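Before any comments, here is the structure.
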Amino acid sequence: MTPLEGGLLLLGIFGVPLVLLSLGQRFRHRGRRARGAFWGGIVGYAVGLIIWSTSLFLPPVLWDAGTVRIAGVILPLLGIGAVGVAIGALIGREPRRRPKAGSRKAGKTASAGAIAVALTSAGALAAQPPEEIFVLQVLDAEVLLAETAPDVPPYAYASSVAVLGADGVLLVDTFHGPAAAEWFLDRIAERTDVPVRWVVNTHHHGDHLWGNAAVLERFPDAEIMAHPNTVARVRDQGAEALDEERARLDGRIARIEAQLSQLSSNDPRRDQGTSMLARSQAQRREVDRIVLSPPTSPVSDFRRIDVGNRTVWVQPLGPAHTDGDVVVWIDGILVAGDVIEEGTLWLEGADIESWAATLEALAARGPALVIPAHGGLPESTNRAALLHLHRDALMRVSDYARNLRPGAEISTTLFADLRERYAEIGVGADAFDTWIAAAIQAARTSGGTR
């Protein structure tokens, strides 16, 4: 075997999997299509290796004994590997993302769906113990973040941040119910014995404030702050939102029970459906534990709070995700509520044009780290990348909607660069196109926050 032949042989055997592994690492955040292409290539490589190995022990048919060492390894490994990549990419095609589940916001209606589909929804997850939903991140000795665990859909639950001051603890949001709030309070108590003195609700949606009562039960003197519009909304509409959540869960339980009644005793879906029913019933019991505790301290302008060893600023915003958003600044850390999310933004009730201007103003303040209410800490070196991404998207959407002629069809082709950027945070192409079209439509009627 010549040195050239030996080099090609090693290239074929070791180079192909190394290339596949490097590509898999490079595109690991690009969704199911990229993962399918990677594993398809690996399977194709394995098949090609088997074909080449087998050919060494068979009489040469298409090539002589010298060529089999070169063409016989390079062609099958590369050719079949490429076919595997193509097939894997096709199989791994990103499905259209379902609308966000009802437990994500108060009063949303969940689709009936089949048991197999319902099992993956946020409603099924919501009854999990908090320690299975959240992980604790210690940003520094005085700032704790309870964010969703890596295997939990980020849109399903809102996070919470605690600032541990020498004079008191400040909480930003209190989760979707008492169990999660109690869990986080226990984690805080492991680190400090000072009381929770301040709570900030970033807006009026239930997944950010239904744990307020659990905080007040332990710390009855805690002050609960929010935007004036949020104070009014929760006071006037909070009970109705809770009733809608109870009705949604009652309907979900009834649908699951009806589906189970149609399954035979040996149907493999029965165990899954029974588990789903138990979790939904547990979630319903958790909702019954919620005692509505509206915020009572409106924040209409920047408010400075000295927690004892650092300063926190609460900033009310103009209409954006809702008409009553606030954000919290902890030095250079921006706790953004739902004006920033890891994924596509929630559009219902939003003022798109004002939201874009709000994100532009927040970006101009140069935060060193942006914490979204849904999702985890940024993994990129640009810790404010999510803010810049959503700012660019909403500004482009606003400009597009402003210049769109009445009656003209919406086209998403001009947003291909944004589609690639959203893919890096796990948003598939179909899901992005659906969202961007909805955002454009919302921008055309913007200004009507609910």
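Data table
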read-out: Pairs with Cβ under 8 Å, 6+ apart, first in region 384-411 and in contact (Cβ under 8 Å) with a residue 40 or more places away in the chain, second exposed (fewer than 13 other Cβ atoms within 10 Å of the Cβ); value: 384/366; 384/368; 400/414
read-out: Boolean, residue 256 is touching a Leu at 6+ places or on another chain (Cβ under 8 Å) and either closer than 30 Å to residue 390 by Cα or at pLDDT below 95 (or both); value: yes
read-out: Residue that is nearest to residue 227 (Cα to Cα) [pool: residues in region 139-151 that are among the acidic types (Asp, Glu) and surrounded by fewer than 24 Cβ atoms within 10 Å (Cβ to Cβ)]; value: 142
read-out: Number of the exception - residue 394 against (1) in contact with a Pro (Cβ under 7 Å, 6 or more places away or on another chain); (2) of a type outside the set (D, E, K, R); (3) at negative phi; value: (1)
read-out: Members of region 216-268 that are surrounded by fewer than 20 Cβ atoms within 10 Å (Cβ to Cβ) and β-branched (Val, Ile, Thr); value: 253
read-out: Scope region 330-355; condition in a helix (DSSP H, G or I) and crowded, with 22+ Cβ neighbours inside 10 Å; matching residues; value: 337, 338, 339, 352, 355
read-out: Members of region 379-424 found to be in contact with a helix residue (DSSP H, G or I) (Cβ under 6 Å, 6 or more places away or on another chain) and part of a loop (DSSP other than H, G, I, E, B), listed by number; value: 410, 412
read-out: Unique match (being under 23 Å from the mean Cα position of the chain (by Cα), of a type in the set (Val, Ile, Thr) and surrounded by 23 or more Cβ atoms within 10 Å (Cβ to Cβ)) among 314, 327; value: 327
read-out: Residue in region 273-290 that is among the small types (Gly, Ala, Ser) and assigned to a loop (DSSP other than H, G, I, E, B) present; value: no
read-out: Selection status of residue 285, modelled with pLDDT under 95 and in contact with an Asp or Glu (Cβ under 8 Å, 6 or more places away or on another chain); value: no
read-out: Qualifying position, being more than 27 Å from residue 232 (Cβ to Cβ) and under 25 Å from the mean Cα position of the chain (by Cα), among 143, 200; value: 143
read-out: Pair list, Cβ < 6 Å and 6+ apart or interchain, from region 260-275 residues that are outside the structural domain of residue 128 (by TED's automatic domain parsing) to residues that are of a type outside the set (A, V, I, L, M, F, W, C) and assigned to a loop (DSSP other than H, G, I, E, B); value: none
read-out: Count of region 299-317 residues which are over 14 Å from residue 202 (Cβ atoms) and either touching a Lys or Arg at 6+ places or on another chain (Cβ under 8 Å) or modelled with pLDDT of 95 or more (or both); value: 8
read-out: Residue check for residue 437: in a helix (DSSP H, G or I), out of contact with any His (no Cβ under 6 Å at 6 or more places or on another chain) and touching a residue at least 60 places away in the same chain (Cβ under 8 Å); value: no
read-out: Pair list, Cβ < 9 Å and 6+ apart or interchain, from region 193-222 residues that are under 25 Å from residue 301 (Cα atoms) and not assigned by TED's automatic domain parsing to the domain that holds residue 293 to residues that are aromatic (Phe, Trp, Tyr) and surrounded by 17 or more Cβ atoms within 10 Å (Cβ to Cβ); value: none
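Let's see how each residue does on (1) out of contact with any strand residue (DSSP E or B) (no Cβ under 9 Å at 6 or more places or on another chain); (2) closer than 25 Å to residue 313 by Cβ; (3) outside the structural domain of residue 137 (by TED's automatic domain parsing); (4) buried (at least 19 other Cβ atoms within 10 Å of the Cβ):
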| site | (1), (2), (3), (4) |
| --- | --- |
| 365 | no, yes, yes, no |
| 379 | yes, no, yes, no |
| 401 | yes, no, yes, yes |
| 405 | yes, no, yes, no |
| 409 | yes, no, yes, no |
| 415 | yes, no, yes, yes |
| 425 | yes, no, yes, yes |
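Rundown of residues vs (1) more than 17 Å from residue 338 (Cβ to Cβ); (2) among the basic types (Lys, Arg); (3) surrounded by fewer than 24 Cβ atoms within 10 Å (Cβ to Cβ), yes/no style:
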| site | (1), (2), (3) |
| --- | --- |
| 153 | no, no, yes |
| 167 | yes, no, yes |
| 174 | no, no, no |
| 183 | yes, no, yes |
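The values are calculated or read from the model by the stated rules, or taken from the named source; none is laboratory data. Owing to the predicted nature of the structure, the values given are computational and were not obtained by experimental measurement. When we count neighbours, we look across all protein chains shown, and the Cβ atoms used for this are built from the backbone with ideal geometry, even at glycine.
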